[in-house]
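The values are calculated or read from the model by the stated rules, or taken from the named source; none is laboratory data. On a predicted model such as this, the values are computed, not experimentally measured, just so you know. Cβ atoms come from the backbone with ideal geometry, glycine included; neighbour counts cover every protein chain shown. Side chains are part of the model used for accessible areas, which takes the heavy atoms of the whole protein and leaves out ligands, DNA and RNA. Shrake-Rupley method; radii C 1.70, N 1.55, O 1.52, S 1.80 Å.
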Amino acid sequence: TIVFGGTTGTIYKYNIRENSLTSLKGHDFIIQSLAWCRERNLLISIDSGGILNIWKLPEFELISSTSVFYNYLWTVAIINDLVLTGGDQGAIWIYDIKEPDKITLKGKMVVFEEAYTFIPADSGEFFSTDPSKIRVIRKENNTTENSRHTDYLLISQNNYRVVHDLFKIKPGNQFHTS
């Protein structure tokens, strides 16, 4: 079986043995990417309107759907119980699909030059391989803050554990940051 997406938001399933093509209207926009989770018989589809859908295979039953922050999505990948999406905002949005009917935002990763930053959705902490690339912005007036307090926040809240916990890294199997 070959599965592919179309420009009208349709997902196609071609059965090679039976030489048959079936289709399913799965999205309202162009399907940009599909990812198959073989271990759990799931198909992840994303579209150019920023929608992520999870389908149960082989039935093609829609289990759940979420909007990825009005982002024009380009690609999707699966790592363990995580779905990673990338699009035109320059961020990688990371979702937990341990329970496929309850897609949970875990955070976003921003990659720039030779560094990256992960910002969890449920924590005041973050991890950056280069904290000098991060700006602290006041919510009240959207201005950049530059002070000793800012330096303290960047140092005290930069915690590798948030990446470690997200990807469930085993001891001795560290991400290389340089």
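Quick notes
- Looking only at segment 88-113, residues that are open to solvent by 70 Å² or more (accessible area, probe 1.4 Å) and at pLDDT below 80 come to 3 in all.
- Where residue 29 falls short, out of the listed (1) without any contact (Cβ under 8 Å) to a residue 60 or more places away in the chain; (2) in a strand (DSSP E or B); (3) open to solvent by 50 Å² or more (accessible area, probe 1.4 Å): (2)
- Figure legend. Inter-residue proximity from segment 92-118: first residues under 16 Å from residue 134 (Cα atoms), second residues of a type in the set (Ser, Thr, Tyr), beta-carbon distance below 6 Å, spacing 6+ or different chains. Indicated pairs: 109/116; 110/117; 115/129; 116/129; 117/128.
- Restricting attention to segment 45-85, the residues that are assigned to a strand (DSSP E or B), at pLDDT below 90 and open to solvent by less than 10 Å² (accessible area, probe 1.4 Å) add up to 1.
One line per residue, one yes/no per condition, for (1) within 28 Å of residue 45 (Cα to Cα); (2) under 21 Å from the mean Cα position of the chain (by Cα); (3) not hydroxyl-bearing (Ser, Thr, Tyr):
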{"position": "106", "(1), (2), (3)": "yes, yes, yes"}
{"position": "113", "(1), (2), (3)": "no, yes, yes"}
{"position": "128", "(1), (2), (3)": "no, yes, no"}
{"position": "134", "(1), (2), (3)": "no, yes, yes"}
{"position": "144", "(1), (2), (3)": "no, no, no"}
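- For segment 114-150, the tally of residues that are of a type in the set (A, V, I, L, M) and either modelled with pLDDT of 80 or more or open to solvent by less than 40 Å² (accessible area, probe 1.4 Å) (or both) stands at 4.
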